[in-house]
Amino acid sequence: MIRKFLILLFLVPLMMANHAMADGIEDMQGLELKNIKIPFYKDQKLQLLIFADSGQRQERYMVGSGTFLDMLLEDADVDKIPDGWRAKLYPLGSQLDKVLDFWKKRYKISEAVIFTDASSIDQTEERVFGEKPVYFRAPAFDLNGVGFSVEFRRQIIEINSDVQIIARSSDMDPRKIFAGAPVPKEQKIIKAFSQKMRIDQRSNKIMLIGDVKVIDGRNTLTCNRLTIFLDKDKNQKATRQTGGDEKAVLDGISRVLADGDVRLVQLPEDPAKFATEFQESRSDHLEYDVKRQIIILTGDTVHPTLSRGSDTKLSGRRIELLRHEDKMFVMQDCRITSLVRDARGVPQYERRINSDRANFDGKTNVANFHSNVIAMDQTTTMTCSSLRVHLKQDPQTSSQKIDLLFASGNVNIVSRSLKDVPDSPGKKSVSLSTISSKQAELNYVDNKLIFYNNVKVRDDSATLDCIRLDIFLADKTDDGKKEKAGNSGAPMAAGMEGKDKTVTQIVAKSRVRMISKGDTLNTDMLTLFFRDLPPGMKPSPGMIQSGGVQLIKILCDGNVRAVSANKEDDKQPPRVLRAAHAMSDLLKDYSEFHGDVSMVDGNTQINSRDMYIFTGASPINEIVVEEKAEPEKKVDNFDADSLDADPFAMDMGENSVPTRIAISDTRDLKRVVCQRQVVLIRKDKNGKKQRAGGDRAVYTVNTREVVLTAEPPNRPWMRSDGRKQFCDIIRSDMATEDLRGIGNVVVMPDDK
């Protein structure tokens, strides 16, 4: 838009350039003359002819009526100059055929013409001026105004008021058409308006002053003052070229300044897309460096802004736009706000990104934010030192959506959610969850979020430390029947696009440490599996539930160490379990551990190759389980259903007094099954160590009893007081510390 407008204004000073007042105006006071023709010369070459229907000498002025000024081309044939008396100009905004009809006799003679009803010529001051409407006509543009002044000595031209300009596109230039170019089918024009216009040839600048407005199709520029700086040598050279090539004219422009309440607007091609594609910039100052092709926006008291539609706005202390490279730089105090709407167009929340500096590449759709970066929406805030954002075009809305984020330098994400206040029905409190790391990659194309180096996760229920954290997401589906969740689920899923995503899996790697309600888990790799919580369904007992998802399974690989606090007696030492691998299915209340498994519970230690732990609802919690999972059939050759057929399991006291071992607020430990190379080690109240072993051990919590058996020909055994005993079954009563063998007992000295 600015480029085309410059073409229009550039030609004006050439009309009046370097003319001297002609000699020979006689002192003819009061004498009225008809059909006056006054020539002006420079270096003995005719430059300008003034025609007046009549004229009268008044003091030092020659006052003419029906004045017509003909600005001659440098190589014009003076013998072919048409008369200007009573010349009729075409109205401003005329169709091209009328413009061509006027210029067909003048395009080889005149650079431009000026007409006014009355003018005064001051020979002493070398000045022509008038108060009546004035009309400029040139092959490239036309201008109307009221009142004018041309000072040849100072080389200044002024239009006093009501400036109206229409510039034609280069393919509408009569000189091109008369030279053989086709008449364009589409006639494009630019309109400009201002209160005043001033051309200063010595300073090589043109100014439009007061209520400036430039309209180029769908683009509109408004400001208080518009200044165009010219390169005089290039300007003159360019306009001497036949046809006035547009690029050559632009080479004569060095800089453009717009000052005071600058507003640049671009309307969308499709009016129906006004809300999303309307573009606007506001600033106190706009500078266009033509040679460098850079537009610079600055402000005095208010930062300049760029906005797209009604939903997105960018501001900064200084904004630079590289037009041909489609790049933009925000030098200080970058602020971006965007309103996020649902599929129906209803506003949902606002997203903001702040930083010290930013740059944007329109060709690659990449935005970079540097130093003190803060990105936030209604539930999430992310801070970091540097953020790179990859965008993609939404084909349905033509808006840009976040595709990929790279954050580095003390990355910290805080997620906010509401939770119920215990014992206060209807009341909510704010719960905070955070993820921090040195680097993060948030990939919404592949639905994967990755955090690197010194990763720390914190929320109200758990903490997690590791070296790398991978979060896998899935797109939410809405079939119109389900209720849409308001958040992405787990706090680790925090991100700029989390509202239409749901978390499915989280993988923590290397030096993993997780703490939840006093329980600690260490491992080399931790994998958490989630599912969406069906609308209206309460979380099943013992599950972690947040924002519409449930934790349903946990996998641990490598150097597993789980430490569980004694929920019944905080004076007792915690329970410690070690293994190479572990799995916990929270839907089935079932966990398994493999590879040199060891569990220490108070004075008792159980070692085995495999361990299976079963949990259930606490008797003090009345929880209705709304769905029943299928039982685990086979796990590493272990038949889970066979436990119900175990005679020792069935024999363990329906009428005995229940004893709880709580592992969470709603879940209790029910039974522990150990297999392969089982060794039970315990100390009695006198400090005496007892050992027992076999192929299988079953610990039933409500009876506090351990039963050891073995597959024939092996037999369970126990050692105590220098003796070794073999039998069919070994029972250990955890409450009474009684350890006894049953059936076919064989006792022999223990040589170990």
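Take the cross-link list LYS176/LYS205; LYS45/LYS108; LYS98/LYS185; LYS476/LYS588 and give me the ones stretching past 22 Å between alpha-carbons. It would help to have the intermediate numbers written out before the result.
Details: LYS176/LYS205 27 Å; LYS45/LYS108 17 Å; LYS98/LYS185 15 Å; LYS476/LYS588 26 Å.
From LYS176/LYS205; LYS45/LYS108; LYS98/LYS185; LYS476/LYS588, over 22 Å: LYS176/LYS205; LYS476/LYS588.
Ranked from highest to lowest mean number of other Cβ atoms within 10 Å per residue, what is the order of the peptides 190-198, 334-342?
190-198, 334-342
Among the listed pairs LYS213/LYS401; LYS273/LYS392; LYS427/LYS670, which are separated by more than 27 Å between their Cα atoms?
Details: LYS213/LYS401 34 Å; LYS273/LYS392 18 Å; LYS427/LYS670 35 Å.
Result: LYS213/LYS401; LYS427/LYS670 exceed 27 Å.
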Checklist entry - Looking at the square roots a ≥ b ≥ c of the eigenvalues of the Cα gyration tensor of the range 62-117, which shape do they give, rounded for a/c under 1.5, prolate if a/b is larger than b/c, or oblate? => result oblate
Checklist entry - Semi-axes of the range 109-227's equivalent ellipsoid from the Cα gyration tensor, sqrt of 5 times each eigenvalue, largest first, rounded to whole Å? => result 27, 19, 13
Checklist entry - Which whole-Hz ³J(HN,Hα) couplings does the range 64-81 yield from phi under the Karplus relation 6.51 cos²θ - 1.76 cosθ + 1.60, θ = phi - 60°, glycine and proline marked x? => result x, 10, x, 7, 10, 9, 10, 8, 8, 5, 4, 9, 5, 7, 5, 6, 10, 6
Checklist entry - Which value, in Å² and to the nearest 10, is the accessible area of ASP532 when all protein chains are kept and the probe is 1.4 Å? => result 90
Checklist entry - How big is the convex hull of the Cα atoms of the range 121-177, per residue, in Å³? => result 93
Next on the checklist: Taking 28 Å as the cut-off for C-alpha to C-alpha distance, list the pairs among LYS88/LYS132; LYS509/LYS689; LYS104/LYS188; LYS313/LYS363; LYS553/LYS685 that go past it.
Outcome noted: LYS509/LYS689; LYS553/LYS685
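Give the accessible surface of the range 249-337 per residue, rounded to a whole number of Å², with probe radius 1.4 Å and ligands, DNA and RNA excluded. Intermediate values should be presented prior to the final figure.
On the way: 4380 Å² over 89 residues.
Heavy-atom accessible area per residue stands at 49 Å².
Which of the GluC sites (Glu not before Pro) found in the range 129-190 are in a DSSP loop and have at most 15 neighbouring Cβ atoms, other than their own, within 10 Å? Intermediate results must be reported in sequence, preceding the final value.
Working: sites: GLU131, GLU151, GLU158, GLU186; in loops: GLU186.
Counting only loop positions with at most 15 other Cβ atoms within 10 Å, the GluC sites (Glu not before Pro) in the range 129-190 are GLU186.
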Next on the checklist: Can you tell me how the range 253-309 classifies by the Cα gyration tensor, rounded, prolate or oblate, using a/c under 1.5 as the rounded cut?
Outcome noted: oblate
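Charges at C-beta only: +1 for Lys and Arg, -1 for Asp and Glu. How large is the resulting dipole of the range 250-402 about its Cα centre, in Debye rounded to 20?
Numbers: 22 positive and 22 negative charges, 81 e Å.
Using Cβ point charges on Lys, Arg, Asp and Glu, the range 250-402 gives about 400 debye.
The values are calculated or read from the model by the stated rules, or taken from the named source; none is laboratory data. Note that the structure is a prediction, hence the values are computed from the model and not measured. With ideal geometry, Cβ positions are generated from the backbone for all residues, glycine too; neighbour counts draw on all protein chains shown. Side chains are part of the model used for accessible areas, which takes the heavy atoms of the whole protein and leaves out ligands, DNA and RNA. Shrake-Rupley method; radii C 1.70, N 1.55, O 1.52, S 1.80 Å.
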